[in-house]
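The values are calculated or read from the model by the stated rules, or taken from the named source; none is laboratory data. Because the structure is predicted, anything quoted here is derived from the model rather than measured. Cβ sites come from the backbone with ideal geometry, for glycine too, and all protein chains shown count toward neighbours. Note: areas computed on protein heavy atoms with side chains; ligands, DNA, RNA excluded. Shrake-Rupley method; radii C 1.70, N 1.55, O 1.52, S 1.80 Å.
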Amino acid sequence: MSELRRAARLVVNAPAIVESIGQSPMQLHPNLAAVFRRVEADATTLGHKFPAVVRDLSTNGAFISSDTVLPLLSRVAVRFEVKAIGAVDAVGWVLWQRAADCELPTATGPLQLPRGFGVLFESIPLDIRAAIANLVARP
């Protein structure tokens with residue numbers, strides 16, 4: 001399989017806590033409200049907190065495996081630890097999901113892909129983002 005991702009990934013196996021946090025309401029002037037549109041976070045799982053595992057990590061996001069698969073456009077807070085970096089607190093958006101485990105055939109044998117979802121980071125501390133960049137750049 002070819003790598004189609006824009007950012008290099010760090011393979012990790014970091015236990016995490018994920019919480020569906022939604023987004024704050026916006027009060028807009030009526031003139032702006034008449035013409036302003038934005039993506040709204042899915043609110044069906046708001047406040048749901050559960051254990052998960054961060055399986056891969058980049059400066060832009062992460063793949064999180066879990067028995068719970070959040071709806072697309074859920075806004076989440078994720079807390080986990082990476083040995084070489086330390087504690088990571090991030091906020092992001094669920095942009096894709098894998099509803100069940102699946103197996104893909106490859107030239108070297110079957111590739112097992114676990115159930116879970118992909119998160120695009122909205123907010124992650126700059127020093128953590130830099131540390132991830134340094135780790136994925138190592139040969």
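Somewhere in region 85-102, is a residue touching a Lys or Arg at 6+ places or on another chain (Cβ under 6 Å), farther than 29 Å from ASP127 by Cβ and not in a strand (DSSP E or B)? Yes, region 85-102 has at least one match. Within region 1-54, restricting attention to residues that are of a type in the set (Lys, Arg) and over 21 Å from ALA87 (Cα atoms), the residue that is modelled with the lowest pLDDT is ARG5.
Restricting to region 120-139, name every residue that is outside any helix (DSSP H, G or I) and either touching a residue at least 40 places away in the same chain (Cβ under 8 Å) or within 17 Å of the chain's Cα centre (by Cα) (or both). The answer is LEU120, PHE121, GLU122, SER123, ILE124, PRO125.
Filter region 13-55 down to residues that are over 24 Å from VAL69 (Cα atoms) and of a type in the set (S, T, N, Q) and give me whichever is surrounded by the most Cβ atoms within 10 Å (Cβ to Cβ).
So the residue we want is ASN31.
What are the residues in region 115-139 that are under 20 Å from VAL76 (Cα atoms), of a type outside the set (Gly, Ala, Ser) and surrounded by 15 or more Cβ atoms within 10 Å (Cβ to Cβ), if any? The answer is ARG115, PHE117, VAL119, PHE121, ILE124, ILE128, ARG129, ILE132. Just so you know, in region 56-70 the residues that are part of a loop (DSSP other than H, G, I, E, B) and more than 9 Å from the chain's Cα centre (by Cα) include one that is surrounded by the fewest Cβ atoms within 10 Å (Cβ to Cβ), and it is ASP67. Within region 71-114, the residues that satisfy the criterion of being open to solvent by 80 Å² or more (accessible area, probe 1.4 Å), without any contact (Cβ under 8 Å) to a residue 12 or more places away in the chain and closer than 22 Å to PRO15 by Cβ are LYS83, GLN112.
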